[in-house]
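One structure is given below, encoded as structure tokens.
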Amino acid sequence: MKNFTIHTLGFRNPVLTASGTFGMGGEFDGLTDYSKLGGITLKTVTPRPRSGNQPPRILETPCGLLNSIGLENPGMDEVIRIIKSEHPFRAYDTNIVFSIAGETADDFTRMADAVIGAGDIDMLELNLSCPNIHAGGATFDSDCANVRAIVSSVARLDFPFTVKLSPNQDILGNSIAAEDAGAHALTISNTFLGMAFDRKTGEPYFRNKVAGFSGPAVKPMALYNVYRVAQKVKIPIIASGGAASAGDAIEFLLAGASFISIGTMNFVEPDIAETVADGLAEYLREK
Ligand SMILES: Cc1cc2nc3c(=O)[nH]c(=O)nc-3n(C[C@H](O)[C@H](O)[C@H](O)COP(=O)(O)O)c2cc1C
């Protein structure tokens with residue numbers, strides 16, 4: 001059987017859940033067996049609490065989901081307080097991946113340091129597809145120089161981390177920059193930009209007009225991105241985009257990914273990551 005490792009961290013299998021689709025730990029208790037998963041990735045946390053976007057926030061489309069959640073979360077201090085006082089993750093027999101998004105480039109290292117200090121976390125995921133308030137709201141990964149600066153600063157902490165990139169920016173350039181700057185892994189990728197219109201009002205369906213598109217419909221595009229990034233980098237790739245079966249996971253491995261993360265499909269089948277992990281184990285045993 002293959003070894004599944006990112007930096008110093010071993011995983012029992014290459015199947016993870018994706019940030020924002022598996023809660024903050026606890027929401028899937030009793031619905032799936034965490035000990036069958038390589039890891040669970042928690043909802044992205046920001047420096048300050050965020051109430052998220054005004055509804056509507058979700059729209060189902062054939063084979064996909066548009067979301068405009070707006071990173072709703074209780075904020076870093078509250079999450080650290082809960083981790084330190086209640087140790088919510090100790091009961092979970094799997095790796096815990098903690099996703100962070102700064103408001104400024106400096107926030108990432110400060111937040112990473114605080115999360116590592118809180119304990120019980122196995123890996124960090126830097127969500128670089130969030131807006132940089134010092135750059136007028138442009139996302140951090142809209143500029144390779146930002147990616148390089150943030151990643152090299154977090155790499156100095158020498159704690160396992162992956163860098164999650166957007167498919168709506170220069171994902172290849174950003175991947176190369178992140179690897180150069182010391183990233184331990186890449187998560188390819190966050191959601192694709194998409195839109196819907198309300199036919200009655202003639203207005204965009206979402207208040208922000210644009211939303212993130214995910215689910216089975218995006219798999220071919222995610223596969224293409226994983227494939228082209230894998231041609232250029234050596235660090236492990238966590239594939240994220242549309243995986244709905246062990247067959248999809250196998251395709252991501254064939255495209256060059258080392259890990260597969262399951263997102264939108266958790267809402268359809270809460271134990272799908274477990275099913276994918278089982279199917280993949282059979283495939284890897286035969287290899
Ligand atoms: C409702 C929803 C909320 C999400 N929230 C986050 C988030 O907080 N942080 C993040 O990095 N990605 C977030 N994502 C993106 C997913 O983690 C994943 O990368 C993306 O949906 C593609 O995978 P999928 O097609 O398997 O869902 C969210 C996706 C959905 C559908």
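The values are calculated or read from the model by the stated rules, or taken from the named source; none is laboratory data. Please read all numbers here as calculations on a predicted model, not as lab measurements. Don't worry about glycine lacking a Cβ; one is built from the backbone with ideal geometry, like all the others, and counts go over all protein chains shown. For accessibility, only protein heavy atoms count, side chains too; no ligands or nucleic acids. Shrake-Rupley method; radii C 1.70, N 1.55, O 1.52, S 1.80 Å.
Charges only on Cβ, +1 for Lys and Arg, -1 for Asp and Glu: so what's the dipole of segment 16-173 about the Cα centre, in debye to the nearest 20? List each step's numbers first, then the result.
Numbers: 12 positive and 20 negative charges, 26 e Å.
Using only the charged Cβ atoms, the result is roughly 120 debye.
Could you order the peptides 206-216, 169-179, 77-87 from most to least packed, using the average number of other C-beta atoms within 10 Å per residue?
On the way: 206-216: 19.5, 169-179: 21.2, 77-87: 14.4.
Ranking the peptides 206-216, 169-179, 77-87 by packing returns 169-179, 206-216, 77-87.
Taking a point 7 angstrom from the Cα of K287 along the C-beta vector, which residues in segment 147-186 have backbone N less than 19 Å away?
Once the point is set 7 Å along Cα→Cβ of K287, 185-186 turn out to lie under 19 Å by backbone N, inside segment 147-186.
Taking the dipole about the Cα centre of the chain, with the C-beta of Lys and Arg at +1 and of Asp and Glu at -1, give me whichever of T8, M123, A243 is farthest to the positive side.
The listed residue farthest towards the positive side: A243.
Using a ≥ b ≥ c from the Cα gyration tensor of segment 91-156 (square roots of the eigenvalues), is it rounded, prolate or oblate, where a/c under 1.5 gives rounded and otherwise the larger of a/b and b/c decides, a/b for prolate?
Judged from the Cα gyration tensor, segment 91-156 comes out prolate (a/c at least 1.5, a/b above b/c).
Rounded, prolate or oblate, given the Cα gyration tensor of segment 163-287, with a/c below 1.5 counting as rounded?
Numbers: a/c = 2.66, a/b = 1.30, b/c = 2.04.
Oblate.
Which value, in debye to the nearest 20, describes the size of the charge dipole of segment 1-102 about its Cα centre when Lys and Arg Cβ atoms bear +1, Asp and Glu Cβ atoms bear -1, and nothing else is charged?
Working: 10 positive and 9 negative charges, 56 e Å.
For this selection, approximately 260 debye.
Structure shown: which of K164/K200; K84/K219; K36/K209; K84/K232; K43/K209 lie over 32 Å apart, alpha-carbon to alpha-carbon?
Details: K164/K200 37 Å; K84/K219 38 Å; K36/K209 39 Å; K84/K232 40 Å; K43/K209 23 Å.
Cα-Cα > 32 Å for K164/K200; K84/K219; K36/K209; K84/K232; rest within.
Expressed in nm to one decimal, what extension gain is obtained for the pair R81 and Y205 from 0.36 nm per residue of sequence separation less their Cα-Cα distance?
Values: separation 124, 0.36 × 124 = 44.64 nm, distance 3.69 nm.
Difference between extended and current length: 41.0 nm.
Any idea what the dipole of the chain comes to, in debye rounded to 20, about its Cα centre with Lys/Arg Cβ at +1 and Asp/Glu Cβ at -1? Provide the component values of the computation, followed by the final result.
On the way: 24 positive and 32 negative charges, 102 e Å.
In total the dipole reaches around 480 debye.
Could you identify which residue out of S152, S261, S189 has the top mean-square fluctuation in a GNM of the chain using Cα springs shorter than 10 Å?
S152
Considering only DSSP beta bridges with both partners in segment 59-145, what is the antiparallel share in %, to the nearest 5? Kindly include the intermediate steps, with their values, before the conclusion.
Numbers: 4 of 8 bridges.
Of those bridges, close to 50 percent are antiparallel.
Any idea what the relative contact order of segment 104-180 is, in percent, if you count C-alpha pairs under 8 Å spaced at least 6 apart? Don't jump to the answer; show the numbers that get you there.
Numbers: 92 pairs, mean separation 27.4, N = 77.
For segment 104-180, the relative contact order is 36 percent.
Set the Förster distance to 35 Å, then compute FRET efficiency between R228 and S35 from the Cβ-Cβ distance, nearest 0.05.
Working: r = 35 Å, r/R0 = 0.99.
About 0.50, to the nearest 0.05.
Just the number, please: carbon plus sulfur as a percent of the accessible area of the chain, 1.4 Å probe, no ligands or DNA/RNA counted. Don't skip to the answer; put the middle values down first.
Values: 6390 of 12560 Å².
Exposed carbon and sulfur together represent 51 percent of the surface.
Looking at the square roots a ≥ b ≥ c of the eigenvalues of the Cα gyration tensor of the chain, which shape do they give, rounded for a/c under 1.5, prolate if a/b is larger than b/c, or oblate?
Values: a/c = 1.21, a/b = 1.07, b/c = 1.13.
Because its axes are fairly even, with a/c under 1.5, the chain counts as rounded.
Provide the packing ranking of 29-42, 57-70, i.e. peptides ordered by the mean count of other C-beta atoms within 10 Å per residue, highest first. Mind dumping the intermediate values first?
On the way: 29-42: 18.9, 57-70: 16.4.
Per-residue mean Cβ counts within 10 Å order the peptides as 29-42, 57-70.
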